[in-house]
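Asker: Let me begin by handing over the structure; questions about it come next.
Where a number appears in this text, it was derived from the coordinates with a stated rule and is not lab data. No experiment lies behind these values; they were computed from the predicted model shown. Reconstructed Cβ throughout: ideal geometry from the backbone, glycine too, with neighbour counts over all protein chains shown.
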Amino acid sequence: MSLTTFRAVEPLYVIIMRHGPAEQHFRAWIKQNRIEHAVVNGNRMMLHAQPAFECFRVTWTHGFGDIAVWDTWHRRHVYFD
């Protein structure tokens, strides 16, 4: 028997917006893209599933200039080119 979905206790990715109304943008993005495994706390959004991060990379429309992404599994920053 296998589980179809998995939610990590610790977030896989922490996304931080340095400037602007981060919480509003993150909550709107979660609602628009129907992301289930995300938590917003101020200017931080924690993603608990890999597909949510892939969706973020493709659908984020506010630019990546003020975004910092921390990969908790590999303990490194993720840079977008």
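Asker: Quick test of your reading of the structure: HIS62 fulfils all but one of (1) in a loop (DSSP other than H, G, I, E, B); (2) of a type outside the set (Val, Ile, Thr); (3) loosely packed, with under 11 Cβ neighbours inside 10 Å. Name the failing condition by number.
Answerer: Status for HIS62: all satisfied but (3).
Asker: I would also like to ask the following. Taking VAL40 and the conditions (1) surrounded by 10 or more Cβ atoms within 10 Å (Cβ to Cβ); (2) touching a His at 6+ places or on another chain (Cβ under 9 Å), which numbered condition does it fall short on, given that it satisfies the others?
Answerer: Checking VAL40 against (1) surrounded by 10 or more Cβ atoms within 10 Å (Cβ to Cβ); (2) touching a His at 6+ places or on another chain (Cβ under 9 Å), the one that fails is (2).
Asker: Let me ask something additional. Out of all the residues in the range 26-37, which are surrounded by 11 or more Cβ atoms within 10 Å (Cβ to Cβ) and either over 12 Å from the mean Cα position of the chain (by Cα) or of a type outside the set (Lys, Arg) (or both)? Before you say what the answer is, go through the steps one by one.
Answerer: Here is the first cut: in the range 26-37, the residues surrounded by 11 or more Cβ atoms within 10 Å (Cβ to Cβ) are 26-30, 33, 35-37.
Listed by number, the residues that qualify are PHE26, ALA28, TRP29, ILE30, ASN33, ILE35, GLU36, HIS37.
Asker: Let me ask you something else. Test of understanding: among PHE64, PHE80, which residue is under 13 Å from the mean Cα position of the chain (by Cα) and of a type in the set (Phe, Trp, Tyr)?
Answerer: PHE64
Asker: Could you tell me whether the range 54-67 includes any residue that is under 23 Å from VAL9 (Cβ atoms) and in contact with a strand residue (DSSP E or B) (Cβ under 6 Å, 6 or more places away or on another chain)?
Answerer: no
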